[in-house]
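Here's the structure, in structure tokens; my notes come after.
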Amino acid sequence: FASWALSLQPAQQTVRPNVVLIITDDMGYADIGVYGAKDIRTPNIDGLARDGIRLTDFYANAVVCTPTRAALLTGRYQHRYGLETPLPNATDQGLPSTGHSLPRLLKNDGYATALVGKWHLGYRPEHSPILHGFDYFFGFKAGYTDYYRHTAGTGEPDLWENDAPTTQDGYMTDLIAARSIAFIERNAGRPFFIDIAFN
């Protein structure tokens with residue numbers, strides 16, 4: 001994605017694609033219909049694959065969340081940031097805000113950018129998704145959240161809108177979907193990038 005974003009030339013390209021990146025935890029390659037699942041029906045995701053772009057030879061750099069997210073957003077190996085395992089709750093460690101990231105590249109090229117769902121790349125204000133190039137963030141910073149109470153494993157509240165704690169009634173999967181749809185509808189008239197990170 002990073003090399004693609006760097007190659008964009010607004011003067012040469014009149015129509016720029018919207019990018020909807022859906023990241024889900026604990027999902028295998030063949031867990032959706034378009035990639036071979038027989039026991040789980042996923043018609044809407046299959047439709048996205050049919051009408052969009054299918055990546056058929058993509059390899060994750062790690063089998064867990066924090067290092068995978070760090071490498072995907074920065075285009076660099078997670079080892080460069082010391083993020084080789086999932087971050088524990090309330091740690092001071094996180095992904096440094098260097099100004100070099102996929103959302104930052106796209107934002108600098110005129111894209112509206114959003115992360116809706118799981119962050120898990122740092123809890124401190126200096127690790128905020130907003131500082132990494134996201135115009136909008138709604139979700140949680142821990143590795144997982146209670147689907148109804150929106151609390152981290154420590155029991156502390158963990159629901160954020162941009163850099164402010166927030167409260168919201170509802171099932172987390174539904175909240176992520178609703179906020180994602182709202183962002184897409186708000187930005188339908190311009191190119192956008194949204195990272196939808198279901199837990």
TODO: Counting only heavy atoms of the protein chains, get the accessible area per residue of the chain (1.4 Å probe) and round it to a whole Å² value.
DONE: 56 Å²
Open item on the list: Can you tell me which of 168, 78, 93 moves the most in a GNM of the chain? Springs connect C-alpha atoms under 10 Å apart.
Closed with: 168
Task: Counting DSSP beta bridges with both ends in the chain, the antiparallel % (nearest 5) - done: 25 percent
- [ ] Would you mind classifying the chain by shape? Square roots of the alpha carbon gyration tensor eigenvalues, ordered a ≥ b ≥ c; an a/c under 1.5 is rounded, otherwise it is prolate if a/b is larger than b/c and oblate if not.
- [x] rounded
TODO: Only residues of segment 27-57 count here: report those whose backbone N is under 16 Å from the spot 7 Å along Cα→Cβ of residue 63, or say none.
DONE: 27-30
Task: Contour excess over end-to-end distance, with Cα ends at residue 109 and residue 55 and 0.36 nm allotted per residue - done: 17.1 nm
Task: Accessible-area order (highest first, 1.4 angstrom probe) of the listed residues 100, 120, 79 - done: 100, 79, 120
Open item on the list: Compute and list, largest first, the equivalent-ellipsoid semi-axes of segment 90-199 from the alpha carbon gyration tensor, each √(5λ) rounded to a whole angstrom.
Closed with: 22, 18, 9
TODO: Report, ordered by chain and residue number, the aspartates and glutamates lying within cross-link reach of residue 38, taken as a straight Cα distance under 12 Å and ignoring same-chain residues fewer than 8 apart.
DONE: none
Open item on the list: Please report the antiparallel percentage of the DSSP beta bridges confined to segment 96-199, to the nearest 5.
Closed with: 30 percent
- [ ] Kindly point out which whole DSSP H helices in the chain project their C-alpha atoms 15 angstrom or further along the helix axis while averaging a Kyte-Doolittle hydropathy of 0.0 or above.
- [x] 172-186
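The values are calculated or read from the model by the stated rules, or taken from the named source; none is laboratory data. Note that this is a predicted model, so its numbers are computed, not measured. Using ideal geometry, Cβ is built from the backbone for each residue, glycine included, and neighbour counts are taken over all protein chains shown. In case anyone asks, the SASA skips ligands and DNA or RNA and just uses the protein heavy atoms, side chains included. Shrake-Rupley method; radii C 1.70, N 1.55, O 1.52, S 1.80 Å.
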